[in-house]
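Working notes, structure below.
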Amino acid sequence: MQILGENLQKKLLEKIRVVEDFPKPGIVFRDITTLINDADSFAFLLDHLYEFYKDKNLDFVVGIESRGFIFGAALASRLHIGFVPIRKPKKLPFTTISQKYSLEYGFDEVQIHTDAFRGKKDTNILLMDDIIVTGGTAMASAKLIKELGVKNLYACFVLKINGFGGDEELRKLAEVYNVLEA
């Protein structure tokens, strides 16, 4: 289990498009579609994540809607384990539990199926998303996962946006790995 060296991090960061003033003025948006549509870069990232997590005895990868689905499902497939989605309200068809979290302009909510881990207790779970900024969605998702009785919780983000402290509180609930930082 090794983090990427500085040169490899730089190569992957170069594959992420930076869009100024999106979705509104003053916001610098990191567009990961340019990373995932580069076959070599996407495969390299997934190979790295596989090597990083293969010895953690994971039972499931949980992806946060929606871009966490891309990385989470691909990694779960490589690890030969199940994938579980965490979604916004009213998107999951079965019994769910919910967790609200605050935004700068109000509240939002995430949900997970109550049987997401097929009744297994003491599971090893990896929570996956593309980017962490303030960490609100990740914290809410981690709390949901913890409610389902996990043994070990890991969290992985392809990119951490520095200066917002997004992973600080999360580190109290999970072992966090940010592949890249900007």
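The values are calculated or read from the model by the stated rules, or taken from the named source; none is laboratory data. It should be emphasised that the depicted structure is a prediction, and the values quoted were computed from it without experimental measurement. Positions of Cβ are generated from backbone atoms using ideal geometry, with glycine treated the same way; all protein chains shown enter the neighbour counts. When the accessible area is computed, the model is the full protein with side chains, heavy atoms only, and any ligands, DNA or RNA have been set aside. Shrake-Rupley method; radii C 1.70, N 1.55, O 1.52, S 1.80 Å.
A few points about this structure:
- Some residue of the stretch 78-89 being under 22 Å from Gly5 (Cα atoms) and in a helix (DSSP H, G or I): no
- If you go through the stretch 1-51 and keep only what is β-branched (Val, Ile, Thr) and closer than 13 Å to Phe71 by Cα, you end up with Ile32, Thr33, Ile36.
- Taking the criterion of being surrounded by fewer than 19 Cβ atoms within 10 Å (Cβ to Cβ) and more than 20 Å from Glu181 (Cα to Cα), the residues of the stretch 50-68 that qualify are Lys54, Asp55, Lys56, Asn57, Glu65, Ser66.
- Options Val19, Val84: the member that is in contact with a Phe, Trp or Tyr (Cβ under 8 Å, 6 or more places away or on another chain), farther than 21 Å from Leu126 by Cβ and modelled with pLDDT of 95 or more: Val19
- The stretch 85-103, residues that are in contact (Cβ under 8 Å) with a residue 40 or more places away in the chain and not basic (Lys, Arg): Ile86, Ile97, Ser98, Gln99
- Arg118 in a helix (DSSP H, G or I), more than 22 Å from Arg30 (Cα to Cα) and either at pLDDT 95 or above or not hydrophobic (A, V, I, L, M, F, W, C) (or both): no
- Looking only at residues in the stretch 131-182 that are among the β-branched types (Val, Ile, Thr) and not in a strand (DSSP E or B), the one that is most open to solvent (accessible area, probe 1.4 Å) is Thr134.
- Of all residues assigned to the stretch 101-111, at least one qualifies as being within 20 Å of Phe83 (Cα to Cα), of a type outside the set (Asp, Glu) and modelled with pLDDT of 95 or more.
- Residue pairs whose Cβ atoms lie under 6 Å apart, separated by 6 or more positions or on different chains, with the first residue in the stretch 146-167 and closer than 10 Å to Val133 by Cβ and touching a residue at least 12 places away in the same chain (Cβ under 8 Å) and the second outside any strand (DSSP E or B) and of a type in the set (S, T, N, Q), are Phe164/Thr134; Gly166/Thr134.
Residues checked against (1) more than 16 Å from Glu181 (Cβ to Cβ); (2) among the acidic types (Asp, Glu); (3) assigned to a loop (DSSP other than H, G, I, E, B); (4) open to solvent by less than 40 Å² (accessible area, probe 1.4 Å):
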residue: Leu4; (1), (2), (3), (4): no, no, yes, yes
residue: Lys10; (1), (2), (3), (4): no, no, no, no
residue: Val18; (1), (2), (3), (4): no, no, no, no
residue: His48; (1), (2), (3), (4): no, no, no, yes
